[in-house]
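The values are calculated or read from the model by the stated rules, or taken from the named source; none is laboratory data. Model, not experiment: these values are computed from the prediction. Cβ sites come from the backbone with ideal geometry, for glycine too, and all protein chains shown count toward neighbours.
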Amino acid sequence: MLQFLAVAFPLEAIAPAVAMSIYVPLTLLRGLGLPVFTAAESGGWAAPSLFGWAIVAIFWTILWWSVASFVGYFVGRRIDHA
C-alpha cells in the first residue's frame, strides 16, 4: 500500500502515514513498559530501539500474513464452489 502511495503522491504527503505505521504500535507497547525507544535527543523524537524495530517487523508481518490468509481462504472457497 505504501509503495503505491509513494509512486502516486510526493513523499512529503505520505511521510505521516509511514511514521504512524512505526510509532503507533510502539507507543502502545511503551505504555505497557516495554523498552521500544532509545534515549531521545534534545528536542527530537526518540528513535525505535533494536527491540522496537523487531516488534514493528513482527507486528506488520503478522498483520499482512493474516490478511493474505483471510483473502486466500475466501478465494479458495470460491474456486472450490465454481
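For every residue, the table says whether it meets (1) of a type in the set (A, V, I, L, M, F, W, C); (2) at pLDDT 90 or above; (3) under 15 Å from the mean Cα position of the chain (by Cα).
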residue	(1), (2), (3)
Gly31	no, yes, no
Pro35	no, yes, no
Ala46	yes, no, no
Trp53	yes, yes, yes
Thr61	no, yes, yes
Trp64	yes, yes, yes
Ser69	no, yes, no
Phe74	yes, no, no
Asp80	no, no, no
Practice task
Please work out if Val56 is β-branched (Val, Ile, Thr), part of a helix (DSSP H, G or I) and touching a residue at least 24 places away in the same chain (Cβ under 8 Å).
Solution key: yes
